[in-house]
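First up is the structure itself, then whatever we jot down about it.
Just so it is clear, none of the values below were taken in a lab; they were calculated from the coordinates. All values derive from a computational prediction rather than experimental measurement. All Cβ positions, even for glycine, are placed from backbone atoms using ideal geometry, and neighbour counts span all protein chains on display.
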Amino acid sequence: MSFVPDDLDGSSWESIEPYMNDLRDRKLSCSNCLETFITDRSSLSEVISEARARLYIDMTCHTDNEEIQKAWMQFVENVQPKLSEYSDILNRRLVEHESVDELPERFDILVKGLKTDIEIFREENIPLSTQSTKLVTEYNEICGAQMVEFDGEQKTFAQMAIYFENTNRSVREAAWKAVSERRFEDNERISEIYDELIQIRHKIATNAGFEGFQEYMFASMHRFDYTIEDCLEFHESIESVCQPLRHRADRERMRDLGLGSLRPWDMGVDVKGRPPLQPFNDVQDMVDGCSRIFHNMSAELGNYFDQLDANDCLDLDSRKGKAPGGYQYYLQKSRLPFIFMNAAGTQRNIETMIHEAGHAFHSFYSGHLDLIHERDSPIEFAEVASMAMELLTHPQWEEFYDSKDADRARRKHLEDIISFMPWMATIDAFQHWVYANPDHSREERAEKWLELGERFGPKVDMAGFEDIHKVSWQRQGHLFGVPFYYVEYGIAQLGALQMWKYHRRNTEDALARYKAGLSLGYTRGLTELFQASGLELSFSESYVRDLIGEIDEALAELPA
Ligand SMILES: [Zn+2]
């Protein structure tokens, strides 16, 4: 008998409450009680998690539907605070139980995480976190409503992406200006939102006994395997390894385009003046192409991918009223991954689709694990699953292109990794500074942002757009919705590059390593998960140089 009925409504507190109360009040005196308690709690959490997922998915698919937005806010305002409250009570029941240390080893990760959660939990932080969720929702609404009149039509920013690759410089310039100026119209309110978020977050941290939000978040995100200092070392390594390569690429770009200086609208265009790659016209072509790619790699990956479409777990096209970005959300009860994105026919869309498919494979590979927390994974490793898959599919990109265009797409993807790492460092370093100095003024924030741009940015002439440049951090949604969640992409990229290195030497061996790590879910810590796939976790300059060197080598093998 399952603890919760199959049709329990996980979006309503009234339905959930009796089960929560049962967990809160039941006697835990027998030897197996603690394990049953964990299992029952897991099956209740599955239902709630899936209800939340479906509301969230709905909310991002229909930002202009009031009823759906209300349903989401109902959950945020009425259910989530209760869940936090009970979650703390239940965590305490487990962690403070006299037999907690006698639990089998498989619960070690869970208990370690819960102990941390309890240490940092404060009742008075619940309304603060509700407040910050509301501000983040407002930020998302503002961004979701941003459209421009271009080419005689109302267009979303996702739809505008294609113009940044246009070979006609004045079209690119007009597109860049249209998007940047539209974004800038909202900059005042977005700055206010960020100011408020910083104050709220700093308060949350100090309430919990931390010096600042950095330290709080390292605990809250269960970053047990690396420190703030490691991140700073990582930034340094990236600066010394990646910046010379990307500045070389910038100089080549300038020469190839025959320009005296690069402007912000010159960064996306093909330097040879070729029109943008057009891998597909409609979304179904993209899905079919990806299906062939994964079937070519292995029957297992192909079959997993096909399950998504078959189970209605894809919302991929770009349309008005859809939130920006892309994500994979695991439906814990159905054990199915859902993929959301805004496809408009670009190569970048293919990469996003493959990226999210990588997350979906992770969900499938860990779907056999019993408990909800075991089917989770540290983000740094979750992103290895997705970023590695982007690289591992390289030999298959002929499914969308002839070999010449496939080479072109591969070259671009590899070059993008080299320029992404410094961008990641920019965002991470920015957040470290922002929360280490929570009382900074907007002017100081702008100064810091520009300074980081000098350190990690491309050589671009921003003359005439200083005001826009100063607040260009506002487009990075992570800063708002998921603070400090960004260095993960850099750490994971290192893991992904190692996986790719294996794959370049032996494809089967690499897929076996991929599966070995992913199948463990969150039953091991980050370092061990890396090890299970034969990957090293390091931030040293020599290590970063070795992996970025592999990219440089691969680029040399590709036609220019
Ligand atoms: Zn991802």
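Brief remarks on what is shown
- Rounded to two decimals, the Cα radius of gyration of the chain over 2.2 N^0.38 Å is 0.97.
- If only the Cβ of Lys and Arg carry +1 and only the Cβ of Asp and Glu carry -1, the dipole of the range 13-121 around its Cα centre is close to 120 debye.
- Compactness of the range 13-121, taken as the C-alpha radius of gyration over 2.2 N^0.38 Å, stands at 1.24.
- For the chain: relative contact order, % (alpha-carbon pairs under 8 angstrom, 6 or more apart): 17 percent
- Karplus (6.51, -1.76, 1.60) ³J(HN,Hα), θ = phi - 60°, over the range 343-359, in Hz, Gly and Pro reported as x: 7, 9, x, 9, 4, 4, 4, 4, 4, 5, 4, 5, 4, 5, 4, x, 4
- The range 66-99 and the range 264-326: distance between their alpha carbon centers, rounded to Å: 35 Å
- Rg over Rh, two decimals, the range 59-100 (C-alpha only, Kirkwood Rh): 1.32
- Taking a straight line from the alpha carbon of residue 322, these aspartates and glutamates sit under 18 Å away, with near neighbours fewer than eight places off in the same chain left out: 58, 64, 66, 67, 138, 141, 149, 153, 282, 312, 356.
- With θ taken as phi - 60° and the Karplus curve 6.51 cos²θ - 1.76 cosθ + 1.60 applied, the whole-hertz 3J(HN,Hα) list for the range 407-415 is 4, 4, 5, 5, 4, 4, 4, 5, 5 Hz, x standing for glycine and proline.
- Here's how it looks for residue 331: its modeled amide H is under 5 Å from those of 336, 338, which are all 5 or more places away or on a different chain.
- Centroid-to-centroid separation of the range 420-495 and the range 521-555 [C-alpha atoms, Å]: 24 Å
- Longest stretch of the chain clear of exposed loop sites (trypsin sites (Lys or Arg not before Pro), DSSP loop, at most 15 other Cβ atoms within 10 Å, sites excluded): 123-271.
- Residues whose amide H comes within less than 5 Å of that of residue 317, counting only those at least five positions distant or on another chain, are 343 (H built at 1.01 Å from N in the peptide plane).
- In order along the range 63-69, the phi-based Karplus estimate (6.51 cos²θ - 1.76 cosθ + 1.60, θ = phi - 60°) of 3J(HN,Hα) comes to 5, 9, 9, 4, 4, 5, 4 Hz; Gly and Pro are listed as x.
- Cα gyration tensor of the range 378-449 - equivalent ellipsoid semi-axes, whole Å, descending: 37, 15, 7
- Calculated [θ] (222 nm, deg cm²/dmol) that DSSP helices of n ≥ 4 give over the chain, each run adding -39,500 (n - 2.57): -21000 deg cm²/dmol
- Under-5 Å amide H pairs with residue 150, H placed in peptide plane, nonlocal only: 155
- Rounded to the nearest 10 degrees, the inclination of helix 379-392 to the longest alpha-carbon principal axis of the chain is 40 degrees.
- For the listed residue pairs 82/333; 333/501; 27/203; 203/448; 70/203; 70/320, the alpha carbons are over 25 angstrom apart in 333/501; 27/203; 70/203.
- Annotation: the residues 30, 143, sorted from fewest to most other C-beta atoms within 10 Å of their own C-beta, follow the order 30, 143.
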